[in-house]
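Accompanying notes for the structure given below.
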Amino acid sequence: MNRARLVLLPLLILLTGLSITWSVWDHERQAARRELLSEFNFALGDAVSRIEQRMATYEQMLRGVQGMFAARGALDLDAFHGYLGAINADANFAGVQAIGVVQWVPADRRDAHMADMRIRTGRRYAIDPPGERNGYAPLIAREPINGAGNALLGFDSWASPVRRLAMEKSRDSGLAVVSGKVQLASDAGAPPVAGFVMYLPIYARGEPQDNVEDRRAHLLGWVYAAFRMRDVLATLYGEQPPGLYLSIFDGTQPSSEALLYRSSEPKNREVISANEYLVVGGHDWTLSMTAQPDFKARFGRNAKLLIAFTGAGLSLLLALLAWSLASGRSRAMRLASKMTAEVRESEAELRIAAVAFDSLEGMMVTDADGTILRVNSAFTKCTGYTAEDVIGRNPRILSSGRHDAAFFRDMWETIRRVGGWQGEIWDRRKNGEIYPKWLTITAVKADDGRVTHYVGTHYDITERKLAEEQIKELAFFDALTHLPNRTLLRDRLRQVIALSAQNHTHGALLFVDLDNFKTLNDTLGHDKGDLLLSQVARRLLASVREGDTVARMGGDEFVVVLGDLSRIREEAASETEGAAEKVLAALSSPYYLEGTDFRTTASIGATLFTGHETSIDELLKQSDLAMYKSKESGRNAICFFDPAMQTVVMERAALEAALRRAIDEDQLLVHYQAQVFNGNRVTGAEALVRWQHPEHGLVPPAEFIPLAEETGLILSVGDKVLDTACRQLAQWAQRADRAHLSIAVNVSAQQLREENFVATVLDALARTGAEPSRLKLELTESVLVDNVEDIIGKMMLLRTKGVVFSLDDFGVGYSSLSYLKRLPLGQLKIDRSFVRDVLDDPNDAVIARAIVTLAQSLGLGVIAEGVETEAQWQFLADAGCQAYQGYLFCRPLPIEDFEVFADTFDSKEWALETP
């Protein structure tokens with residue numbers, strides 16, 4: 001019995017050990033197959049994810065260019081090249097062959113377009129291919145990537161059916177669309193290389209895009225990016241992953257005609273293969289992946305032989321031990337149990353090692369409870385934590401604090417449901433730095449479905465996030481103040497309007513314009529102006545509520561959007577006024593501009609709105625009108641929009657357009673009002689402009705001269721009067737009885753500030769042959785407010801040539817004796833406001849006498865304007881004034897009537913007339 005036990009027991013142990021070894025070996029074989037399939041599926045999903053993320057990055061880049069064009073409102077090609085240089089497209093968007101702009105050109109605009117492009121490019125330009133079509137989409141700008149040439153301007157993408165289909169889908173949807181398989185135009189003449197193009201439409205700024213008809217009507221063109229598929233794949237992988245062969249086909253049916261990319265032909269029989277369908281930019285691709293034995297060698301567990309030899313060896317050893325220790329049965333059984341556990345532990349170790357440590361990406365292995373068991377060197381390099389720092393601890397040591405409990409709850413729910421999770425997450429390095437990464441978590445399960453371990457892989461996406469933020473900053477924020485720009489303002493305003501409509505509350509728009517900002521730029525320089533704008537932006541942000549929007553429109557103009565105001569209009573207006581007053585108070589405090597103290601104020605226009613009653617463009621226009629009204633009321637003020645303002649502006653715009661036509665069509669006339677010496681001799685005249693409107697007759701100067709000064713048209717009007725006066729002087733010089741006459745011409749402050757003012761006057765004199773001493777330029781005191789030294793210099797130059805100066809409206813403006821004695825004046829003119837009441841107002845009488853005395857003491861001539869009665873003339877004569885101008889003597893007359901008056905005038909005739 002003992003002998004049988006000595007034989008049977010070791011034999012039984014040997015057979016049991018071999019059976020266990022076979023079971024473990026078979027389990028390992030099946031687990032290896034499952035894990036190999038898992039790795040293959042992961043590689044396939046990773047390839048799809050990389051392609052989708054990379055194409056999303058390209059689309060984001062194009063949207064940045066689209067946003068830049070939308071902010072500028074036109075296809076500004078200089079801004080396009082500058083923008084791509086600013087985002088460093090070569091470095092941040094590898095794989096792109098070229099980025100360009102395609103302009104939509106209707107058939108009737110083809111010739112004008114080609115002429116414009118020839119002027120712009122300075123070379124021969126033509127649309128290629130030539131021929132008559134219903135429309136064209138020529139390339140007008142191209143930014144080569146990776147050193148490609150830029151010799152394809154004029155290439156008509158519309159002539160290519162594949163490209164045209166993509167452009168039409170993009171135009172009608174407003175989305176980025178990828179074309180089918182094409183050979184890039186830059187590859188023409190070279191061996192064919194499969195490529196594709198991504199298009200994004202550009203629409204006219206401010207135009208509706210609510211439906212397909214609107215989008216087609218307001219299309220300006222497309223911005224596009226061109227790619228070779230092989231280069232895109234090269235930027236994703238670098239070297240081809242060993243053992244994997246990739247193919248990408250255009251569409252959903254793999255074929256040689258649809259092949260976009262193939263890494264190489266498989267050399268051996270395939271181990272695993274699968275297809276995945278992608279939808280990129282509204283276009284279908286098929287990704288085909290095949291695994292070869294090399295892939296199996298990389299990710300196979302390779303533990304079957306080890307298990308077989310180890311199991312067989314342990315079984316034999318146990319049998320020998322059982323035979324040698326037959327007398328110690330219990331001790332032998334314990335030893336066999338221990339050895340079996342070691343086999344199973346070795347199996348688990350091999351399984352974990354096979355999953356975790358063949359990867360070059362950062363990896364972490366935890367047990368089922370989340371305790372960290374292992375990390376690889378890539379993890380240490382990325383996070384700064386060594387294996388000793390993290391083993392035995394929970395992955396929560398990496399938490400950045402940016403994600404709430406709900407985020408992690410959803411993540412683990414997904415892991416429990418599908419066995420894994422992947423996505424973007426923010427973590428913290430050992431040095432405290434918070435960074436973004438792409439994290440993938442995979443659950444490792446036993447045969448019974450129980451989770452035994454979790455494997456996490458991640459890679460740092462900091463550079464990609466920085467590129468995305470840079471694109472967003474350039475497209476939607478002002479570079480100087482970092483406030484939202486026009487594009488983002490419209491989006492924010494659209495949201496506030498939607499909330500107003502939903503909640504039935506009011507909103508408000510404040511249009512803020514700094515007072516006299518141009519003076520700061522002209523005196524202290526643009527660097528101080530930029531510094532002021534930055535400080536104003538910070539004060540505006542501090543003056544409004546957290547949910548309100550502050551945006552910069554451009555220059556010194558800002559817009560504040562107030563939302564969630566009262567449902568009652570009067571209360572909403574009160575809230576708006578309070579917010580605006582707070583802004584005024586903040587902006588009126590002193591500014592410190594790098595050692596310079598500066599004060600300024602602001603003018604604010606406000607308008608209220610409810611829901612979608614008023615469009616965004618109309619709200620901006622209303623607040624802008626109200627802002628100009630506040631400037632007219634004295635600046636540093638708040639003004640609410642009134643519909644009457646719109647009427648005034650429309651009338652003003654119509655008058656301005658009519659005035660421009662009047663200048664172009666020579667509707668402006670010059671009348672002459674006599675200037676009389678001692679009441680009995682005409683010495684000259686003042687040239688006064690009149691507007692002979694073809695429909696409304698003679699338009700008074702008071703109606704159009706202020707408008708001409710505001711719009712800058714006064715320069716053209718002034719040149720017209722100056723030229724006419726000089727020609728008249730030249731004609732009078734030909735007659736002895738009129739050669740003594742002079743002409744006074746009014747000169748505005750804008751004309752004097754022009755750099756070429758002196759040259760303009762001298763050119764008019766030389767061109768007409770007029771005598772300079774007979775030309776008298778009348779200036780108002782307002783010209784002495786700014787840049788006095790420059791004005792005095794110009795007057796001196798003209799005075800040396802013989803031109804005479806008269807100071808008009810003396811006494812009603814900026815009368816400074818210190819400047820008066822420096823100006824090369826020949827005459828002072830007493831303003832009509834003093835002459836009108838000289839007999840009734842003692843103060844006006846004193847002022848008139850004082851001006852006469854002052855002129856005589858300075859050796860200047862003096863003339864009174866607005867003399868309408870004999871009593872006024874007699875008072876002025878008694879005061880010492882000897883020159884007069886007014887209705888008492890002569891109204892403003894056309895040149896023919898004036899010459900008749902001057903030839904026949906004498907003291908007896910005019911004394912009998914009534915004014």
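Does segment 453-469 contain at least one residue that is assigned to a strand (DSSP E or B), without any contact (Cβ under 8 Å) to a residue 24 or more places away in the chain and either β-branched (V, I, T) or within 30 Å of V536 (Cβ to Cβ) (or both)?
Going through segment 453-469, the residues assigned to a strand (DSSP E or B) turn out to be 453-460.
Then drop every residue that is not without any contact (Cβ under 8 Å) to a residue 24 or more places away in the chain, which leaves none.
No, the conditions are met nowhere in segment 453-469.
Among the residues of segment 731-772, count how many are acidic (D, E) and within 23 Å of D809 (Cβ to Cβ). So that I can check it myself, show each step before the final result.
Initial filter on segment 731-772 (acidic (D, E)): 737, 754-755, 763, 771.
Now drop any that are not within 23 Å of D809 (Cβ to Cβ), which leaves 754.
Going through segment 731-772 one residue at a time, the tally reaches 1.
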**Q.** Where a residue in segment 67-91 is in a loop (DSSP other than H, G, I, E, B) and its partner, wherever it lies, is at pLDDT below 80 and of a type in the set (A, V, I, L, M, F, W, C), with Cβ under 9 Å and at least six apart
**A.** I87/F93; I87/A467; I87/I471; I87/L474; N88/A467
Q. What tally of residues in segment 179-237 results from selecting those that are at pLDDT 90 or above and on the phi > 0 side of the Ramachandran plot?
A. 1
Q. What is the number of the single condition among (1) surrounded by fewer than 15 Cβ atoms within 10 Å (Cβ to Cβ); (2) at pLDDT below 80; (3) in contact with a helix residue (DSSP H, G or I) (Cβ under 8 Å, 6 or more places away or on another chain); (4) not basic (K, R) that S264 does not meet?
A. (3)
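Given the options R402, R298, R374, R396, name the one that is modelled with pLDDT under 85 and at negative phi. Talk me through it step by step, then tell me what you get.
Numbers: R402 fails: modelled with pLDDT under 85; R374 fails: modelled with pLDDT under 85; R396 fails: modelled with pLDDT under 85.
Of R402, R298, R374, R396, the one residue that is modelled with pLDDT under 85 and at negative phi is R298.
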Q. Identify, please: which residue in segment 846-897 is part of a loop (DSSP other than H, G, I, E, B) and of a type in the set (A, V, I, L, M, F, W, C) and is, among those, surrounded by the fewest Cβ atoms within 10 Å (Cβ to Cβ)?
A. L858
**Q.** Residue satisfying all of: in segment 702-757; in contact with a Phe, Trp or Tyr (Cβ under 9 Å, 6 or more places away or on another chain) and among the β-branched types (V, I, T); farthest from I895 (Cα to Cα) among these
**A.** V747
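Which one of L514, L524 is more than 21 Å from L562 (Cα to Cα) and touching a strand residue (DSSP E or B) at 6+ places or on another chain (Cβ under 9 Å)?
Numbers: L514 fails: more than 21 Å from L562 (Cα to Cα).
Among L514, L524, only L524 is more than 21 Å from L562 (Cα to Cα) and touching a strand residue (DSSP E or B) at 6+ places or on another chain (Cβ under 9 Å).
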Q: Return the only residue of Q675, Q728 being assigned to a helix (DSSP H, G or I), surrounded by 14 or more Cβ atoms within 10 Å (Cβ to Cβ) and at pLDDT 90 or above.
A: Q728
Q: Collect the residues in segment 681-713 that are loosely packed, with under 14 Cβ neighbours inside 10 Å and part of a loop (DSSP other than H, G, I, E, B), keeping them in residue-number order.
A: P694, E695, H696, P700, G712
Q | Tally of residues being buried (at least 16 other Cβ atoms within 10 Å of the Cβ) and assigned to a loop (DSSP other than H, G, I, E, B) across segment 588-647 | A | 7
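Please determine whether any residue of segment 569-577 is within 26 Å of F477 (Cα to Cα), surrounded by 15 or more Cβ atoms within 10 Å (Cβ to Cβ) and more than 27 Å from the chain's Cα centre (by Cα).
Looking only at segment 569-577, we keep the residues that are within 26 Å of F477 (Cα to Cα), and these are 576.
Now restrict to residues that are surrounded by 15 or more Cβ atoms within 10 Å (Cβ to Cβ): 576.
If we keep only those that are more than 27 Å from the chain's Cα centre (by Cα) too, we end up with 576.
Yes, segment 569-577 contains at least one residue that is within 26 Å of F477 (Cα to Cα), surrounded by 15 or more Cβ atoms within 10 Å (Cβ to Cβ) and more than 27 Å from the chain's Cα centre (by Cα).
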Q) Is it the case that A585 is in a helix (DSSP H, G or I) and either in the same structural domain as V496 (by TED's automatic domain parsing) or loosely packed, with under 14 Cβ neighbours inside 10 Å (or both)? A) yes
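Can you pull out every residue in segment 867-909 that is hydrophobic (A, V, I, L, M, F, W, C) and free of Cβ contacts under 8 Å to residues at least 60 places away in the same chain? Walk me through it before giving the result.
Just the residues of segment 867-909 that are hydrophobic (A, V, I, L, M, F, W, C), to begin with: 867, 871, 873, 875-877, 879, 881, 883, 888-890, 893, 895, 898, 900-902, 905.
Across segment 867-909, the qualifying residues are V867, A871, F875, L876, A879, C881, L888, V900.
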**Q.** Residue tally, condition buried (at least 16 other Cβ atoms within 10 Å of the Cβ) and farther than 30 Å from T235 by Cα, over segment 28-51
**A.** 3
Q. Taking segment 392-424 as the search range and keeping residues that are hydrophobic (A, V, I, L, M, F, W, C) and exposed (fewer than 15 other Cβ atoms within 10 Å of the Cβ), which one is nearest to the chain's Cα centre (by Cα)?
A. F407
Q: Read through the list (1) within 24 Å of L807 (Cβ to Cβ); (2) outside any loop (DSSP other than H, G, I, E, B), then give the number of the only condition that H740 fails.
A: (2)
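I want to confirm something. Restricting to segment 151-176 and keeping residues that are assigned to a loop (DSSP other than H, G, I, E, B) and of a type in the set (A, V, I, L, M), which single residue is surrounded by the most Cβ atoms within 10 Å (Cβ to Cβ)?
Here is the first cut: in segment 151-176, the residues assigned to a loop (DSSP other than H, G, I, E, B) are 151-154, 160, 174-176.
Still in the running and of a type in the set (A, V, I, L, M): 151-153, 175-176.
On the way: A151: 12, L152: 19, L153: 19, L175: 14, A176: 27.
Looking at the filtered set, the residue picked out is A176.
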Q: Starting from residues that are at pLDDT below 50 and not hydroxyl-bearing (S, T, Y), keep the ones in segment 897-913 and report whichever is nearest to A674 (Cα to Cα).
A: W910
Q: Please find, within segment 749-800, the residue that is surrounded by the most Cβ atoms within 10 Å (Cβ to Cβ) out of those that are of a type in the set (G, A, S) and closer than 19 Å to L828 by Cβ.
A: A749
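Answer yes or no: is there a residue in segment 583-594 that is closer than 17 Å to F511 by Cα and acidic (D, E).
The first filter runs over segment 583-594 and keeps only residues closer than 17 Å to F511 by Cα, leaving 583-588.
Filter once more, keeping what is acidic (D, E): none.
No, segment 583-594 has no match at all.
The values are calculated or read from the model by the stated rules, or taken from the named source; none is laboratory data. All values derive from a computational prediction rather than experimental measurement. In this analysis, Cβ positions are derived from the backbone assuming ideal geometry, glycine residues included, and neighbour counts consider all displayed protein chains.
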